[in-house]
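Below: the structure, in structure tokens.
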Amino acid sequence: MNSLTQLESFLIGDHLDVDALSQMARARILVVSDTHGHFPTFERIVLKHGPGSDALLFAGDGIWDVVQYLEKAHEDETYRAALPPVVALVAGNGDGSQYRVRLKTSDFTMEADESLGTALTVPSRQVLVACGHRIFLTHGHHHSVDISLELLLNAARVMKCDIAVFGHTHVPFAEDVSSVFALNPGSATRPRGGSHAGFAIMELETAKKEPRVNFHRV
């Protein structure tokens, strides 16, 4: 169960779960992006597919949907139980960098007003480790992914990541490109390029270089 704590790394969870994820032999990761304020869709995805997932990656443009879910999880054990133990999220071009939400914080030097919640910081990029694989997570608008993946892949390499997860284009994509596996789950609410509204589930193994990705329709 997720601790609903934002760590210094900006991941949501606790250190034990983050460390456990990095050392797992196999992991199932739920990847969602571009919900654009359609909370009921995000809610359905997490309630159905969150249980059994080891992490949730949200690739931006819809952070308010994540915030609403976190607040529900704070009040309702059903929502909290469905949330994977580790959550990574990044800001898209339609998101802010901070939100008010009822979350614990690993920085106890500041006391938050319970009625206002605490500040949830949303970075523009995030790195986490699962099954020994380093995953670079970003929305993609700063890397011009609608034109080319070159800047994204270079950024992933600089961060020594072998997987790059992004959004922004609203088009599903999963392919090894020059030794970096690039994954876009598509948009859960506003599909483009003839695709369907959906998300992805990525399965990782320490013994396998390339992840297995399944795309799901909403």
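The values are calculated or read from the model by the stated rules, or taken from the named source; none is laboratory data. None of these values were measured; they are calculated from a predicted model. Because the Cβ atoms are built from the backbone with ideal geometry, glycine has one as well, and the counts that use them run over all protein chains shown.
Give me the strands (runs of 3 or more DSSP E) completely within segment 152-218, filtered to those with at least 2 residues that are closer than 12 Å to G140 by Cβ and under 17 Å from the mean Cα position of the chain (by Cα), ordered by residue number.
Correct list: 163-165, 180-184.
Has segment 113-120 got any residue that is more than 30 Å from D76 (Cα to Cα), out of contact with any Pro (no Cβ under 8 Å at 6 or more places or on another chain) and modelled with pLDDT under 95?
Within segment 113-120, none of the residues are more than 30 Å from D76 (Cα to Cα), out of contact with any Pro (no Cβ under 8 Å at 6 or more places or on another chain) and modelled with pLDDT under 95.
Considering only segment 53-77, state which residues are in contact with a helix residue (DSSP H, G or I) (Cβ under 8 Å, 6 or more places away or on another chain), part of a helix (DSSP H, G or I) and at pLDDT 95 or above.
W64, D65, V66, Q68, Y69, K72, A73
Quick test for you: out of E43, E75, pick the one residue that is closer than 24 Å to A197 by Cβ, of a type in the set (D, E) and without any contact (Cβ under 8 Å) to a residue 60 or more places away in the chain.
E43
Any idea which of (1) among the hydrophobic types (A, V, I, L, M, F, W, C); (2) farther than 20 Å from Q98 by Cβ; (3) surrounded by fewer than 24 Cβ atoms within 10 Å (Cβ to Cβ) is the one F10 doesn't satisfy?
Checking F10 against (1) among the hydrophobic types (A, V, I, L, M, F, W, C); (2) farther than 20 Å from Q98 by Cβ; (3) surrounded by fewer than 24 Cβ atoms within 10 Å (Cβ to Cβ), the one that fails is (2).
Consider only pairs whose beta carbons are under 8 Å apart and that are at least six residues apart or on different chains; among these, list those whose first residue lies in segment 1-22 and is farther than 17 Å from E71 by Cβ and whose second residue is hydroxyl-bearing (S, T, Y) and buried (at least 18 other Cβ atoms within 10 Å of the Cβ).
Once the first residue is farther than 17 Å from E71 by Cβ and sits in segment 1-22, its partners that are hydroxyl-bearing (S, T, Y) and buried (at least 18 other Cβ atoms within 10 Å of the Cβ) give D14/S3; D17/S3.
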